[in-house]
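Reviewing the structure listed below.
The values are calculated or read from the model by the stated rules, or taken from the named source; none is laboratory data. Here the structure is a predicted model, which is why all the values come from computation and not from measurement. Virtual Cβ from ideal backbone geometry, glycine too; neighbours counted across all protein chains shown.
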Amino acid sequence: MSFLDAFGAALAAALLGGASAGLLGVLVVGLRLPFLAVAAAHAALAGAVFADLLGAPHLAGAFLGALAGALVLGALLRRRDLDPNAALGALFSLTLGLAFLGIGLGRGPKTAALSLMWGSLLFATRLQLAAMTIVAAALLFFVVVFRRELKLLLFSRQLAALLIPEGPFFAGFLVLASGVVAVDLEIVGGLLLYSLLANPAVASLALARSFRGALILGAAFGAASALLGFAAAYFLDAPVGATIVLASSALVGAAWLVAKARRDGR
């Protein structure tokens, strides 16, 4: 059996998940809402855990959980007297508590619930790959079609509210982000997903000179994190999730060094 026969589906899932999470992460970090990534991931995790308790599909529960979290967050963020990161921190605490409550309520082995935290990258199916491809394509379409509105939203939500229907547009973005998080959750895992949303975005924003460049670098760094981490896991016989997280962290460190060298060279 060749390498691609054995690990082709897992590698494709890693690349798709890394690229889509990296692209989405640029928008999330650009909105100055880094906790949005972890809150959405844990809301999806809580939804999937309770779906498992009810015998429902994990994907449906993850999407409903992420969507509910996103809509609650969107309502909270419209309050000008509430600090955004304080709202995100409260939502994160709530969703994390619900996730562990659901795990604790489950009877019998906790393998299925715990796999939602660590992912099951090596056991990706064709159906899951198809779902990841669809949401990645939807995210790319959204970014290409609404790139001007996104630039305005990232520059200033207050200014965007004067020039575009900011509320519905932001809500649509949250729904799309929920879909990406929900589909990637079962394969990538809740804990790994946050690192792929945050680290490639931080690295790209440190190096990019334009909005378009940041989006391209974010997707590229996300895919590179997955590829490098997968290779390290294969050759070192290490856990693939941990090596992908470490690879994405190493890319952030390298990006900061390059950015510092640029500034010093001016």
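Per the listing Leu139, Leu150, Leu129, Leu193, the residue uniquely over 13 Å from Leu23 (Cα atoms) and among the aliphatic types (A, V, I, L, M) is Leu129.
Among residues of the range 83-97 that are surrounded by 14 or more Cβ atoms within 10 Å (Cβ to Cβ) and modelled with pLDDT of 70 or more, those with a beta-carbon under 7 Å from a residue that is among the β-branched types (Val, Ile, Thr) and assigned to a helix (DSSP H, G or I) at least six positions away or on a different chain give the pairs Leu91/Val72; Phe92/Val38. Within the range 107-165, being part of a loop (DSSP other than H, G, I, E, B), at pLDDT 80 or above and either more than 15 Å from Leu215 (Cβ to Cβ) or β-branched (Val, Ile, Thr) (or both) holds for no residue. Can you tell me which residue is surrounded by the fewest Cβ atoms within 10 Å (Cβ to Cβ) among those in the range 212-263 that are of a type in the set (Phe, Trp, Tyr) and within 19 Å of the chain's Cα centre (by Cα)? Checked the range 212-263; the qualifying residue surrounded by the fewest Cβ atoms within 10 Å (Cβ to Cβ) is Phe230. Sub-6 Å Cβ pairs linking a first residue in the range 136-158 that is under 13 Å from Gly30 (Cα atoms) to a second residue that is among the aliphatic types (A, V, I, L, M) and crowded, with 19+ Cβ neighbours inside 10 Å, at least 6 apart or interchain, are Leu152/Ala160; Leu153/Ala160, ordered by first then second residue.
Screening Phe169 with (1) modelled with pLDDT of 75 or more; (2) surrounded by fewer than 19 Cβ atoms within 10 Å (Cβ to Cβ); (3) closer than 26 Å to Ala13 by Cβ gives one miss only, at (3).
Tell me, yes or no, whether the range 187-202 has at least one residue that is part of a helix (DSSP H, G or I) and more than 21 Å from Ala66 (Cβ to Cβ). There is at least one residue in the range 187-202 that is part of a helix (DSSP H, G or I) and more than 21 Å from Ala66 (Cβ to Cβ).
Only one entry of Ala75, Ala40, Ala19, Ala46 meets the criterion of being surrounded by 24 or more Cβ atoms within 10 Å (Cβ to Cβ), at pLDDT below 80 and either aliphatic (A, V, I, L, M) or on the phi > 0 side of the Ramachandran plot (or both), and that entry is Ala40.
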